[in-house]
Amino acid sequence: MAKKLVIVESPAKAKTISKYLGDDYEVLASVGHIRDLAEPKEIAAEKKKEHPSLAKFSIDVDNDFEPYYSISPGKSKTVSELKSALKGCDELYLATDEDREGEAIAWHLLEVLKPKVPVRRMVFNEITKDAIQEASRNTREINDNLVEAQETRRVVDRLVGYEISPILWRKINRGLSAGRVQSPAMRMIVERERERMAFVSAGYSSVTANLEESSISFEAKLLSIDGKRLAGSKSFSEDGVLTADVLVLAPDAAEQLAKDLTGETLKVTSIEAKPSTRKPYAPFTTSTLQQEASKKLSLSAKQTMDLAQQLYQEGHITYMRTDSPSLSQQAINAARTQAAQLYGQEMVPDAPRAYGAKSKNAQEAHEAIRPSGDSFREPKELSGSLGAKALALYDLIWRRTLASQMADAKLSTTTVKFAASAQGKALEFSASGTVVSYKGFMAVYEVIKEDDDEEQAKLPTLTEGQAITAEEVIAKSHQTQPPARYTEASLVKALEERGIGRPSTYAAIISTIISKGYVIKQGSALVPEWIAFTVTRFLEQNFDHLVDYEFTAKMEGDLDKIALGELDRSSWLKSFYFGDDGLKATVEGLGDSDPRSINSFDIGGGITLRTGKYGPYLELMEDEERRIVNIPEGLTPDQLTHEKAVELASAPPVENRVLGKDPESGLDIIVKDGRYGPYVTLVDEGNPKPKTASLFKSMSPAEVTYEEALQLLSLPREVGVDPESGNVITAQNGKYGPYLKKGTDSRSLAGEEQIFTLTLDEAVEIYKQPKYGGRRTAATPLKEFGEDPASKLNVFAKTGQFGDYVTDGVVNATIPKDEPLDELAADRAFELLAIRREKLGVEPGEAPKTTKRKKR
């Protein structure tokens with residue numbers, strides 16, 4: 001029987017699809033891209049001499065920006081397997097995702113495999129039997145506009161990254177990077193912190209009466225005194241100036257009022273009830289799913305997208321990268337039918353609800369994220385097959401989809417005004433309460449309002465003229481608060497509103513700025529590090545258009561027009577790179593700048609903050625000598641005021657604390673807090689390099705003991721002699737953590753405490769383990785997955801210094817923290833290893849290459 005070869009991106013997707021196609025189909029995975037822009041060093045010298053820009057970008061900017069592609073590292077074997085499978089087939093189906101990236105993967109497969117059989121582009125929005133079989137019958141050609149749009153984005157990203165990043169390395173520090181979307185996103189976070197740093201807090205007071213009627217407790221807040229409204233948080237500007245004609249109640253005056261009102265009566269003067277309706281939210285797009293999953297499930301954007309991809313590949317939801325909130329007729333019918341069955345026909349409006357996309361976008365799929373199929377599975381039906389987080393996300397998507405086709409919720413908000421008097425003044429209090437008179441869609445979907453003021457308590461039944469005794473009256477002092485930092489959810493929302501990037505890339509953008517050390521997370525808040533201030537300021541001063549929000553949004557719109565065939569790729573790229581204000585001219589016109597000034601921020605009073613190679617620090621002059629003060633870990637930029645800097649500089653240093661005398665030399669042992677971390681050392685004035693030892697991460701300069709210092713100074717510790725080689729094995733602490741050393745062979749240890757406790761037998765056992773990159777933690781297998789079909793090696797899960805990982809004995813792959821080991825399937829373990837091999841540039845079964853450092 002003739003065979004048909006179907007190629008998809010991932011093994012998990014291939015496994016699901018193969019269930020719905022007949023025996024005459026063979027489904028294989030490319031495991032993502034098989035080809036990408038080459039690294040310049042991979043291109044032959046003759047070719048780079050002929051086309052100089054290839055040496056810098058792997059793009060021939062003088063020849064219509066033609067990219068130079070090469071097979072991605074680790075993909076040679078995959079390509080060979082796909083070519084071999086193709087030889088026995090009479091048709092090729094390219095079934096990669098329907099978005100830009102998927103279209104590009106399909107095109108690259110076509111370019112590399114060079115099939116001599118008919119080629120069909122097979123696309124689908126969900127992985128169900130009906131959808132897959134329908135897609136196999138209704139194929140199309142590859143969309144060249146989508147391919148060009150993806151290629152243009154890749155070219156632009158390479159041009160921006162390879163032009164600007166080296167400048168950042170020279171001017172600021174190595175390892176830094178700039179990006180078309182990454183840099184504006186980072187600027188938004190930095191600007192918010194600047195706003196917080198410039199914010200001037202203002203004080204005001206409030207008075208609240210705690211009332212009770214018919215066993216219902218509620219609050220009434222003092223609204224005005226003698227007809228003049230009291231100041232609140234919105235009465236002041238960001239620089240602390242009063243901006244409204246209101247009364248600022250002093251704390252002592254508020255306390256006195258509360259005291260005078262306790263036990264007095266408040267009389268109801270008016271009751272006003274206002275009915276309102278609340279419409280259901282539209283079904284999820286990529287952006288709104290990320291926002292809601294962050295708020296309701298505390299998932300990061302990356303976690304959300306990883307889980308959504310799992311749900312899609314297993315056939316539970318539709319494609320997860322979309323800008324469209326619309327539902328197909330099939331989905332509308334399924335949602336309305338299930339909502340009626342579960343909540344009653346009266347909960348479903350007579351006419352279906354339609355939701356339109358906000359913008360025309362060639363990148364995204366044409367339907368919202370919803371449960372797959374023509375009838376939706378309830379979450380409880382999947383409880384046995386999905387992990388807890390994946391099930392929670394499916395439940396959220398299911399509820400949102402059903403709610404979108406249900407009736408409006410009906411609410412009633414009642415506002416009651418009260419009159420009172422104290423100190424000869426007329427006081428007006430106000431209380432509000434909201435009740436849901438008809439749940440509608442809220443029966444299935446919980447509404448979380450961002451503004452707490454909208455969530456109001458239920459009020460008892462009251463009548464005008466009724467008097468209620470205020471048994472308790474409380475005065476409170478308040479301070480206006482600076483603008484809230486971005487969370488992942490609010491940053492995603494802000495990026496989308498500004499038109500920066502695309503929702504499908506937001507998870508990767510946020511992950512990048514965190515992994516690069518530009519931003520850290522404190523709780524859910526995104527806090528910029530000082531290095532982010534340095535890079536952002538440098539880009540604003542020298543590449544302002546690349547971090548300009550309107551310019552970035554226009555660029556994104558232009559790239560979408562290329563995808564729609566409305567804009568010519570070549571002319572756009574020429575303008576972007578070679579134009580009068582283009583990237584090339586900007587780089588060439590960059591003037592000289594002092595790296596030291598770029599990395600400096602004036603704190604005031606002669607104190608300067610500098611961002612150095614090992615992090616930020618304060619610098620000041622004392623007695624004509626430069627003094628450095630370390631910044632405590634966790635101190636955020638907005639907390640580093642001039643007063644705080646003076647406090648840090650004035651604090652008595654923990655360093656130079658004498659711990660005792662070294663029993664061998666008789667010299668004092670002191671603890672110091674250096675630029676590279678705290679350490680203990682001998683006081684030996686005649687020796688420019690006295691013996692020193694870094695403190696363990698678990699130790700602090702203020703608490704390290706004399707005995708611990710002696711132990712540290714005794715390192716390296718001789719563990720014993722290796723019985724096989726006769727070499728001495730030592731345990732020691734290094735720049736990258738604790739490790740063993742035997743000759744030139746070193747292996748990492750799981751923890752610092754092992755330096756002093758590890759036995760010779762345990763050390764020998766560590767050296768028996770396969771070596772990876774020169775360092776390996778000994779570990780006992782936690783779970784077995786069987787033979788990896790790619791490497792033909794057995795795969796296990798182990799735990800190491802950086803958490804759980806899967807290994808085939810040759811390559812390791814970290815298990816994401818949001819994927820519990822007990823829920824990890826064999827297919828997922830094999831996929832993690834495949835992704836890791838691609839990053840390392842090795843074939844299945846091939847060990848990663850190690851590079852020896854050259855001696856200076």
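The values are calculated or read from the model by the stated rules, or taken from the named source; none is laboratory data. Note that this is a predicted model, so its numbers are computed, not measured. Positions of Cβ are backbone-derived with ideal geometry, glycine not excepted, and every protein chain shown enters the neighbour counts. Note: accessible area is taken over every heavy atom of the protein model, side chains too, but ligands, DNA and RNA are not part of it. Shrake-Rupley method; radii C 1.70, N 1.55, O 1.52, S 1.80 Å.
Can you list which of the GluC sites (Glu not before Pro) found in region 626-711 are DSSP loop residues with at most 12 other C-beta atoms within 10 Å?
Answer by residue number: Glu633, Glu664, Glu685, Glu703.
On a straight-distance basis, which lysines could pair with Lys389 in a cross-link, Cα separation under 19 angstrom, same-chain partners fewer than 8 positions away excluded?
Reachable lysines: Lys295, Lys296, Lys302, Lys380, Lys817.
For region 92-223, what is the Kirkwood estimate of the hydrodynamic radius, computed as the reciprocal of the mean inverse distance between distinct Cα atoms, to one decimal in Å?
When all Cα pairs of region 92-223 are included, the Kirkwood radius is 21.1 Å.
Across region 470-482, in residue order, what do the Karplus-derived ³J(HN,Hα) couplings come to in whole Hz, using 6.51 cos²θ - 1.76 cosθ + 1.60 with θ = phi - 60° and x for Gly and Pro?
Coupling constants for region 470-482: 8, 6, 9, 10, 10, 9, 9, 9, 10, 10, 5, 9, x Hz.
Taking a cut-off of 14 Å, what percent of all Cα-Cα pairs in region 1-55 are separated by more than that? Spell out each step's value before the answer.
On the way: 960 of 1485 pairs.
When every Cα pair of region 1-55 is considered, 65 percent fall beyond 14 Å.
Name the long-range amide H neighbours of Leu526: under 5 Å, sequence gap of 5 or more, or other chain; modelled H, no Pro or chain starts.
Tyr486, Thr487
What ³J(HN,Hα) values, in whole Hz, does the Karplus curve 6.51 cos²θ - 1.76 cosθ + 1.60 give for region 314-321 when θ = phi - 60°, with x put for Gly and Pro?
8, x, 8, 9, 6, 4, 8, 10
Quick one: with all protein chains in place, what share of the accessible area of region 448-558 is carbon or sulfur, to the nearest percent (1.4 Å probe)?
Numbers: 2410 of 5210 Å².
Looking at region 448-558 in its full context, I get 46 percent from C and S.
Which value results for Rg/Rh of region 1-124 when Rg is the Cα radius of gyration and Rh the Kirkwood radius based on the inverse mean 1/r?
Numbers: Rg = 16.6 Å, Rh = 15.7 Å.
Result: Rg/Rh = 1.06.
Taking 1 over the mean of 1/r across every pair of different Cα atoms in region 408-539, what Kirkwood radius in Å do you get?
Value: 20.2 Å, from the Cα pair sum.
Please list 3J(HN,Hα) in residue order for region 571-581, calculated via the Karplus relation 6.51 cos²θ - 1.76 cosθ + 1.60 where θ = phi - 60°; whole Hz, with x for glycine and proline.
With coefficients 6.51, -1.76 and 1.60, one gets 5, 5, 5, 4, 5, 5, 9, 9, x, 4, 10 Hz.
Sort the following peptides by mean Cβ neighbour count (other Cβ atoms within 10 Å, averaged over residues), highest first: 740-747, 91-98.
The packing order, highest mean first, is 91-98, 740-747.
Post the alpha-carbon centroid distance, region 135-190 to region 16-44, in whole angstrom.
Region 135-190 and region 16-44 have Cα centres separated by 22 Å.
Compare the peptides 390-398, 293-301, 131-139 by average per-residue count of other Cβ atoms within 10 angstrom and give them in order, highest first.
390-398, 293-301, 131-139
Counting C-alpha atoms alone, how compact is region 612-683: give Rg to one decimal and Dmax as a whole number, in angstrom.
For region 612-683, the Cα radius of gyration and maximum Cα-Cα distance read 14.9, 48 Å.
What number of lysine-lysine pairs in region 8-111 show an alpha-carbon separation below 13 angstrom, given a sequence spacing of 8 or more or placement on distinct chains?
Lysine pairs meeting the criterion: 5.
Work through the residues other than Asn794 whose Cβ is under 10 Å from its Cβ and net out their charges, Lys, Arg +1 and Asp, Glu -1. Let's see the in-between values first.
Working: positive: Lys792; negative: Glu784, Glu787, Asp788, Asp808.
Once all neighbours under 10 Å are counted, the net charge is -3.
5 Å is the cut-off here: which amide hydrogens, built 1.01 Å from N in the peptide plane, fall below it relative to Asn794, excluding neighbours closer than 5 in sequence?
Excluding prolines and chain starts, which carry no amide H, the hits are Asp788.
Check cross-link reach from Lys228 to the lysines: straight Cα distance under 16 Å, and skip same-chain residues fewer than eight apart.
Of all the lysines, those that pass the test against Lys228 - Cα under 16 Å, at least 8 places apart if same chain - are Lys417, Lys425.
What GluC sites (Glu not before Pro) in region 407-497 are in a loop by DSSP, with at most 13 other Cβ atoms within 10 Å of the Cβ?
Glu446, Glu450, Glu455, Glu464, Glu471
Under 12 Å from the Cα of Lys741, which aspartates and glutamates turn up, not counting those fewer than eight places away in the same chain?
Partners within reach: Glu718, Asp722.
Taking amide hydrogens as modeled 1.01 Å from N in the peptide plane, which residues meet the under 5 Å criterion relative to Phe284, leaving out close sequence neighbours?
Under 5 Å from the amide H of Phe284 lie the amide H atoms of Ile369, each far enough along the sequence or on another chain.
Take a quick pass over region 561-687 and tell me how many lysine pairs come in under 24 angstrom between Cα atoms, counting only ones 8 or more apart or on separate chains.
Values: Lys561/Lys574; Lys561/Lys584; Lys574/Lys584; Lys613/Lys644; Lys613/Lys672; Lys644/Lys672; Lys661/Lys672.
Within region 561-687, the lysine pair count is 7.
Only Cα pairs under 8 Å and at least 6 apart count here; give the relative contact order of the chain as a rounded whole percent.
The normalised contact order for the chain reaches 12 percent.
Any chance you could list P(r) for the chain, counting all Cα-Cα pairs in 20 angstrom bins from zero, rounded to whole %?
11, 35, 36, 16, 2
Where does region 66-137 land on Rg(C-alpha)/(2.2 N^0.38 Å)?
Taking the Cα Rg and dividing by 2.2 N^0.38 Å, one obtains 1.20.
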